[in-house]
Protein chains: 2
Amino acid sequence: MVLTEKQKQLIQKIGIANEKHGMQPAAARIIGLLYVSDKPELTFEEIGEALHISKSATSNALNLLMQTDRMEYTTVSGDRKRYFRLKISNWKDGFTKEMESLTNFSQLIMEVLAIRTSETPEFNKSLAELKDFLIFINQELPLLMEKWKKSRES
Amino acid sequence: MVLTEKQKQLIQKIGIANEKHGMQPAAARIIGLLYVSDKPELTFEEIGEALHISKSATSNALNLLMQTDRMEYTTVSGDRKRYFRLKISNWKDGFTKEMESLTNFSQLIMEVLAIRTSETPEFNKSLAELKDFLIFINQELPLLMEKWKKSRES
DNA sequence: AATTTAGTTCTCTAAATTAAGAACTAAAGA
DNA sequence: TCTTTAGTTCTTAATTTAGAGAACTAAATT
């Protein structure tokens, strides 16, 4: 696994971007590695070596990534190694999940509205507006996904 | 500042939701407090007392929240206290910002595509599809915001 | 001038996160 | 059966983060 400077750079950038979204550093860089790697499937050993991380760190990160459905592996018969690869298609699902967290938030806002004092009509009004905005987004995003699918079909 | 059980519960929930998005615990709970508080403006002291956090923690968290444009304060003449309140309207801006981080990611993907080997046409194809999806989303979200604005006007 | 008030900053500690390294397990091969 | 391989788990150390408490500043009050 020889990586060019540019590849290393991108691994860092993708790593940092993912860390910002709450991912562990090692896991974040593994994602980056698999984006730029010339081989789309890498073994446990190759991953650890390429990123200079220990077996324990590699193992933990890979298992985390599989639990969160961002990676998967295949095996080849007569070979005990696992071949790890990205589940790219899941990015779209990931997007959808991100949106679901919006739904949760909009439910929280509704709970808040339900217990708020009526002494603060103005504040409550902007909170209600926020709630409506979130509901709007929640309605529109699935439509957006539909639109995307259709534009692909044609 | 007497808080009901329900209020305390919601502060926790909102706090955790915000922590998941990378916010510091104290700051996240302050946001929660201001959502449920009967007074939409609270002083430094009230905030620290209600959440049982020290002056240093209160000070740091409030300044962070103001730097990130999630809170602001007003003053009343003849009163040295600051009255802190949420910038709720900024949630929408926050949404837009969140979407901008998507734009950044789509640029990273383009950088990746630019240096990828042509030996992996299938992988490259799904990466290109991901890129198109991100571009699509980036185009559509501003339109969505427009639609929202219009629906409000009428 | 001395004191009070409102908030900031500094120092230190506790807790959480991250990952290394070694010991381990389980399957396959010699 | 002994060894190798692939990966896991446990223990420990280093780093980072969060926040308490005390010392401090600057304005206002007495």
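Computed quantities for the displayed model
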item	result
Criterion violated by A:Glu45 - all others in (1) away from DNA strand D (no atom under 11 Å from the Cβ); (2) more than 21 Å from B:Ile115 (Cα to Cα) satisfied	(1)
Considering residues of the stretch B:34-53 that are part of a helix (DSSP H, G or I) and within 11 Å of another protein chain (Cβ to nearest Cβ) only, the residue nearest to A:Thr103 (Cα to Cα)	B:Tyr35
Unique residue being within 30 Å of B:Thr4 (Cβ to Cβ) and either facing chain B (nearest Cβ under 10 Å) or touching a residue at least 60 places away in the same chain (Cβ under 8 Å) (or both) when the list is A:Ser151, A:Ser106, A:Ser126	A:Ser126
Some residue of the stretch B:57-70 being basic (Lys, Arg) and surrounded by fewer than 16 Cβ atoms within 10 Å (Cβ to Cβ)	no
Residue in the stretch B:61-95 that is nearest to the other protein chains (Cβ to nearest Cβ), counting only those that are near DNA strand C (Cβ under 8 Å from one of its atoms) and assigned to a helix (DSSP H, G or I)	B:Leu62
Criterion (more than 19 Å from the chain's Cα centre (by Cα), among the hydroxyl-bearing types (Ser, Thr, Tyr), at pLDDT 95 or above and within 12 Å of DNA strand C (Cβ to nearest atom)) met by exactly one of B:Thr43, B:Thr58	B:Thr43
Neighbours by Cβ (under 6 Å, 6+ apart or cross-chain): first from the stretch B:17-34, free of Cβ contacts under 8 Å to residues at least 60 places away in the same chain; second more than 8 Å from DNA strand D (Cβ to nearest atom) and not in a helix (DSSP H, G or I)	B:Leu34/B:Leu86
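The values are calculated or read from the model by the stated rules, or taken from the named source; none is laboratory data. All values derive from a computational prediction rather than experimental measurement. So basically every Cβ, Gly included, is an ideal-geometry build from the backbone, and we count neighbours across all protein chains shown.
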